[in-house]
Amino acid sequence: FLNIDPTLSVYKAEGGFLAGALVAKHRPQLVLLDILMPGLPGISVCRWIKSNDTPKHAHVIGVTSPRSKTNHDAMLDAGAAEIVLKPVGRETLGHILNKYGRVSKAA
């Protein structure tokens, strides 16, 4: 069980273009991006985040299936901090939030 900081805001995007717009608007500390998203791939969104002054401080985590080592490497080359594999479970999410975001220990 994770006790996520109640001041943490979570935004969901259905595709790469909306993800980029949300990052530009909200300037998050942490971004989880599916490597292959509709519209604009996560690799392109990551590259955009890391090349722009405003959001480039964000930690980007690539999310993908284990099948494509090429996509993993491309996401890391684009500036992702790390890659996590689907399905992303509670333990993995807890690790990410502890390392890059805000989470307190379960009561």
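Scanning segment 75-93 for residues that are open to solvent by 30 Å² or more (accessible area, probe 1.4 Å) and of a type in the set (A, V, I, L, M) returns Leu76, Ala81, Ile83, Leu85, Val88, Leu93.
Please find, within segment 15-65, the residue that is surrounded by the fewest Cβ atoms within 10 Å (Cβ to Cβ) out of those that are among the small types (Gly, Ala, Ser) and closer than 22 Å to Leu85 by Cβ. Only one residue fits best here, namely Ser65. Selection of first residues in segment 43-61 that are within 15 Å of Ala21 (Cα to Cα) and of second residues that are among the small types (Gly, Ala, Ser) and surrounded by fewer than 15 Cβ atoms within 10 Å (Cβ to Cβ), restricted to Cβ pairs under 8 Å at least 6 apart or on distinct chains, gives the following pairs, ordered by first then second residue: Asn52/Ala24; Thr54/Ala24; Pro55/Ala24.
The values are calculated or read from the model by the stated rules, or taken from the named source; none is laboratory data. The shown structure was predicted, so the numbers you read here are calculated from the model rather than taken from an experiment. A quick note on method: Cβ atoms are made from the backbone with ideal geometry, for glycine too, and the neighbour counts reach across all protein chains shown. SASA here: full protein model, heavy atoms, side chains in, ligands and nucleic acids out. Shrake-Rupley method; radii C 1.70, N 1.55, O 1.52, S 1.80 Å.
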